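Trainee: This is the structure I have questions about; it appears just below.
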Amino acid sequence: MIKGFTRFLQSPGEHLKSLFGTQDAPAGGPVLRIIPREEHPVSRQLLSDSALKVLYRLHNAGFEAFLVGGCIRDALLGRQPKDFDVATDATPEEIRDLFRNSRLIGRRFRIVHVRFGREVIEVTTFRGKPGEDHGQHIAHQSDDGMLLRDNVWGSIEEDALRRDFTINALYYNIADFSIHDFADGVRDIESRTLRLIGDPATRYREDPVRMLRAVRFAAKLDFELDGTTEAPLEELAPQLLQVPPARLFDETLKLFMSGHGVATYHLLRDYGLFPMLFPETAEAFEELPWAEAVIEQALASTDQRVQRDRPVTPAFLFAALLWGPVQLHQRAHEADGMPPIPALQAASQRVVSRQLQHISIPKRFSLPMRDIWDLQQRLPKRRGKRAFQTREHPRFRAAYDFLLLREAAGEIEPGLGEWWNAFQNADEHEQRRLLGKVDVDPAGSPGPRKRRRRRRRKPQNAPSDS
Ligand code: ATP
Ligand code: MG
């Protein structure tokens, strides 16, 4: 067993091929293929102890219990699985009764969370075909085919065919450690193909978020979309406008904060999905050549941080994603004669309220996001006590990083970032010297004439400016 596993890690694709050959599925669609433990590399050492506990307890209580989805897919690809999903024939109530540390959640899709410290194991009951009447109205579909609720229990086969991609329909059976492959997922892992189960257009209509999942997995796993899975994307992209904003927020974080944000972003653009998530941003690209570069810079630095296990915040990312439209509106207000600070505030307000119709950004992220924007106007103003006050702002660090992005993206001339870098690292004496070097036309702020005029109005502006 161990030998098979090491061989697998050296060359996962090769090894699987040698195990299963390359013959295609017989006519009539995929058939269940059971891969015994000796023939696959998923060992219990790869799996979390908590997940195993859940599986064993279900099994010992007489239920079927499988690990399914991303964890088995990732393990077969030689990656360390990060979260574990369990599928069982126990109902949510039966699951809850078995685990003291569990909680029933979700309405649209009822599942049970079993908590072990910080780790949560998601346990779901096998789902059946939504169209069938099982006596209760527990599945519900909208006029355009979207599944609004989906709590019809079924068999494991039905459950498998209701999953999104073939590679996500692999089940690891705790009873004998075999893997059940219901949709030729192993074949697609070998050929690195992302393929929806069933008719792609129908599956996207049922749940438009599957379009986002398609590009997310393609980017994360470096897989190709199968032709039929790819074909409907552009046409069906507008279906995303029907998805509740709260769900799109969660999904957006997965798209951009899982370490493959840049690649994911490019796929979203290629398939016309991005404008469905950030319509005003996509429009701003036409007028502001740097707006897209700001986003790419933000995603690249987020990817790097994720890879190094450093913390990332949605506030920073959303600040970058919405900066283009904020700037367009601010400029329009200023052209109407509004001073820069209220112009930025009015622009932020408008852009955020428009964006919330698509993606709900919780206040705990939108407030710091707006601080980051506000600070962009304070960073160029450094004379007197201002540099010290700005330095003390709780969001200074994020705002400074954001300034660097803007410089790198070519929105503003470089220089100010360098100054702040020196100022942060300087002792008091050196700070005084740096302040002495600040003259009337710092990079990133309006020209000297305008500045002087504003300085004369300082008493009026002072409260909102400090
Ligand atoms: P990861 O956790 O790495 O993002 P995952 O495949 O485990 O990937 P989850 O969102 O954790 O993704 O979902 C677990 C499993 O549930 C998936 O593998 C898939 O089988 C199924 N699933 C999730 N979302 C959908 C969906 N929108 N439509 C159909 N099946 C889904
Ligand atoms: Mg998962």
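The values are calculated or read from the model by the stated rules, or taken from the named source; none is laboratory data. No experiment lies behind these values; they were computed from the predicted model shown. As a convention, Cβ positions derive from the backbone with ideal geometry for all residues, glycine included, and neighbour counts pool all protein chains shown. Ligands, DNA and RNA are stripped out before the accessible areas are found, and what is left, the full protein with its side chains, is counted by its heavy atoms. Shrake-Rupley method; radii C 1.70, N 1.55, O 1.52, S 1.80 Å.
Trainee: Got at least one residue in the stretch 306-313 being assigned to a helix (DSSP H, G or I) and either within 26 Å of Lys82 (Cα to Cα) or in contact with a helix residue (DSSP H, G or I) (Cβ under 6 Å, 6 or more places away or on another chain) (or both)? If you could, list the steps in order and put the result at the bottom.
Mentor: Here is the first cut: in the stretch 306-313, the ones assigned to a helix (DSSP H, G or I) are 306-307.
With either within 26 Å of Lys82 (Cα to Cα) or in contact with a helix residue (DSSP H, G or I) (Cβ under 6 Å, 6 or more places away or on another chain) (or both) added as a condition, the list becomes 306-307.
For the stretch 306-313, residues assigned to a helix (DSSP H, G or I) and either within 26 Å of Lys82 (Cα to Cα) or in contact with a helix residue (DSSP H, G or I) (Cβ under 6 Å, 6 or more places away or on another chain) (or both): present.
Trainee: So, one more: Filter the stretch 244-266 for residues that are outside any helix (DSSP H, G or I) and either open to solvent by less than 10 Å² (accessible area, probe 1.4 Å) or in contact with a Phe, Trp or Tyr (Cβ under 6 Å, 6 or more places away or on another chain) (or both) and give the result. Don't jump to the end; show me each part of the working.
Mentor: Initially, the stretch 244-266 is screened for residues outside any helix (DSSP H, G or I), giving 244, 257-260.
Gly259 - this is the single residue of the stretch 244-266 that is outside any helix (DSSP H, G or I) and either open to solvent by less than 10 Å² (accessible area, probe 1.4 Å) or in contact with a Phe, Trp or Tyr (Cβ under 6 Å, 6 or more places away or on another chain) (or both).
Trainee: Within the stretch 281-288, is there a residue that is out of contact with any Gly (no Cβ under 8 Å at 6 or more places or on another chain), part of a loop (DSSP other than H, G, I, E, B), open to solvent by less than 40 Å² (accessible area, probe 1.4 Å) and not assigned by TED's automatic domain parsing to the domain that holds Ala398?
Mentor: no
Trainee: How many of the residues in the stretch 45-88 are in contact (Cβ under 8 Å) with a residue 12 or more places away in the chain, open to solvent by 60 Å² or more (accessible area, probe 1.4 Å), away from ligand 1 (no atom under 15 Å from the Cβ) and not in a helix (DSSP H, G or I)?
Mentor: 1
Trainee: Give the residue that is farthest from Ala320 (Cα to Cα), with candidates limited to residues of the stretch 256-278 that are within 11 Å of the chain's Cα centre (by Cα) and in contact (Cβ under 8 Å) with a residue 60 or more places away in the chain. Outline the logic, then answer.
Mentor: So in the stretch 256-278, the residues within 11 Å of the chain's Cα centre (by Cα) come out as 256-261, 264-265.
Subsequent filtering for residues that are in contact (Cβ under 8 Å) with a residue 60 or more places away in the chain retains 256-257.
On the way: Phe256: 12, Met257: 13 Å.
My answer is Met257.
Trainee: Going by the conditions given, is Ala293 over 19 Å from Leu403 (Cβ atoms) and either crowded, with 24+ Cβ neighbours inside 10 Å or among the small types (Gly, Ala, Ser) (or both)? Walk me through how you get there before you give the answer.
Mentor: Working: over 19 Å from Leu403 (Cβ atoms): no; either crowded, with 24+ Cβ neighbours inside 10 Å or among the small types (Gly, Ala, Ser) (or both): yes.
Criteria not met by Ala293.
Trainee: Quick check on the stretch 104-114: of everything there that is within 16 Å of ligand 1 (Cβ to nearest atom) and surrounded by fewer than 20 Cβ atoms within 10 Å (Cβ to Cβ), which residue is modelled with the highest pLDDT? Lay out the reasoning, then the answer.
Mentor: Let us first name the residues in the stretch 104-114 that are within 16 Å of ligand 1 (Cβ to nearest atom), namely 105-114.
Imposing the further condition that a residue be surrounded by fewer than 20 Cβ atoms within 10 Å (Cβ to Cβ) reduces the set to 105-111, 113.
Working: Ile105: 92, Gly106: 83, Arg107: 75, Arg108: 71, Phe109: 78, Arg110: 86, Ile111: 92, His113: 97.
Ranking the candidates gives His113 first.
Trainee: So in the stretch 131-161, with the set limited to residues that are in contact with a Phe, Trp or Tyr (Cβ under 9 Å, 6 or more places away or on another chain) and of a type in the set (D, E, K, R), which one is modelled with the lowest pLDDT?
Mentor: Arg149
Trainee: Which of the residues spanning the stretch 69-80 are under 15 Å from Arg44 (Cβ atoms) and near ligand 2 (Cβ under 8 Å from one of its atoms)?
Mentor: Cys71
Trainee: I need the full set of residues from the stretch 81-106 which are within 11 Å of ligand 2 (Cβ to nearest atom) and under 18 Å from Ile174 (Cα atoms), in order please.
Mentor: If the condition is that a residue be within 11 Å of ligand 2 (Cβ to nearest atom) and under 18 Å from Ile174 (Cα atoms), then Pro81, Asp83, Phe84, Asp85, Val86 are the ones that fit.
Trainee: Could you please find all residues in the stretch 358-399 being among the small types (Gly, Ala, Ser) and without any contact (Cβ under 8 Å) to a residue 40 or more places away in the chain?
Mentor: Passing the criteria: Gly384, Ala399.
Trainee: Return the total of residues in the stretch 90-103 being open to solvent by less than 60 Å² (accessible area, probe 1.4 Å) and more than 28 Å from the chain's Cα centre (by Cα). Let's see the steps before the verdict.
Mentor: Here is the first cut: in the stretch 90-103, the ones open to solvent by less than 60 Å² (accessible area, probe 1.4 Å) are 90-92, 95, 98-99, 101-102.
Within this subset, residues satisfying the condition of being more than 28 Å from the chain's Cα centre (by Cα) are 90-91, 95, 98-99.
Adding up the residues that qualify gives 5.
Trainee: Right, here's the next one. Take the conditions modelled with pLDDT under 95, more than 19 Å from Val86 (Cα to Cα) and buried (at least 17 other Cβ atoms within 10 Å of the Cβ) and apply them to Leu9. Does it pass?
Mentor: Values: modelled with pLDDT under 95: yes; more than 19 Å from Val86 (Cα to Cα): yes; buried (at least 17 other Cβ atoms within 10 Å of the Cβ): no.
Considered against the rule, which asks whether it is modelled with pLDDT under 95, more than 19 Å from Val86 (Cα to Cα) and buried (at least 17 other Cβ atoms within 10 Å of the Cβ), Leu9 comes out as no.
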